[in-house]
Amino acid sequence: MQIYIYCSHSVNYLIYLQNIFLNSHSSNNDSYYFPYWGNDETGFKSEDEFVARWKDSFRKIINERYYANNEPLLVDKYNPIFLSLFEEGDKGIFHFEKNHKSFLSWWNTDGFGAQLLIELFTNELPLYDELQRLITKHKLKIVDEKLTVEIIYHDVYLLPNIEKKGYVLIPYKELINYKLTSQFSPELTNKVMNCLY
């Protein structure tokens, strides 16, 4: 079985936007997600339209990344996958560029940002061995000989039950849990098993 482990700009940028959106629409002032945008205007579409377009954008990226490891954010930052989440016109473009610059300053600061830290941490873990152990232990009949593992910096809340054969999203906190316990959480185990058979 071929296992590919990635830490996508595009997927993590959508999660970044999700978190800004959730913080700006949260009634719970005790729970915030990174990044916290404060009272600054986000430039997002209306709440319902943002959520619907975000889900569509996320599904589209997941489908494209499974087949071609596509990175729309690196190919064309003005891709409609991202721009469609913002108001139309100059105001939307202004807010998109502000968000995009903020994301890049954290994610890819001269090659030493959050992406590199997540990748370095991930490379220290025997994920391939753990996935093979899981397959053997549960006697899984693999449908696809390819598994794409996408490491994400935070949970996906707007589309919580993402299931695609041969593709699994693993939040960074699950990797920390794995490092501390030397095993996948039951939730992650189920998620991996569901994507494999």
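Residues considered: S84, S26. Of these, the only one that is of a type in the set (S, T, Y) and in contact (Cβ under 8 Å) with a residue 12 or more places away in the chain is S84. With the requirement that a residue be of a type in the set (S, T, N, Q) and either surrounded by 12 or more Cβ atoms within 10 Å (Cβ to Cβ) or touching a residue at least 40 places away in the same chain (Cβ under 8 Å) (or both), what does region 135-163 give you? Scanning region 135-163 gives a single hit, T148. Hey, F96 hits all of (1) over 23 Å from Y157 (Cβ atoms); (2) surrounded by 15 or more Cβ atoms within 10 Å (Cβ to Cβ) but one; which does it fall short on? Failing condition for F96: (1).
Go through I162, I151 for me and flag whichever is under 26 Å from W37 (Cβ atoms), at pLDDT below 90 and touching a strand residue (DSSP E or B) at 6+ places or on another chain (Cβ under 8 Å). Before the answer, list the steps.
Details: I151 fails: at pLDDT below 90.
Testing whether each residue is under 26 Å from W37 (Cβ atoms), at pLDDT below 90 and touching a strand residue (DSSP E or B) at 6+ places or on another chain (Cβ under 8 Å) leaves just I162.
Does S27 qualify as being among the small types (G, A, S), at pLDDT below 95, farther than 29 Å from L175 by Cα and assigned to a loop (DSSP other than H, G, I, E, B)? The answer is yes for S27.
Does L85 satisfy the criteria of being closer than 15 Å to V11 by Cα and touching a strand residue (DSSP E or B) at 6+ places or on another chain (Cβ under 7 Å)?
On the way: closer than 15 Å to V11 by Cα: yes; touching a strand residue (DSSP E or B) at 6+ places or on another chain (Cβ under 7 Å): yes.
Yes: the conditions hold for L85.
The values are calculated or read from the model by the stated rules, or taken from the named source; none is laboratory data. Every value quoted in this text rests on a predicted model; they were computed, and no experiment measured them. Quick reminder, even Gly has a Cβ in these numbers, built from the backbone with ideal geometry, and neighbours come from all protein chains shown.
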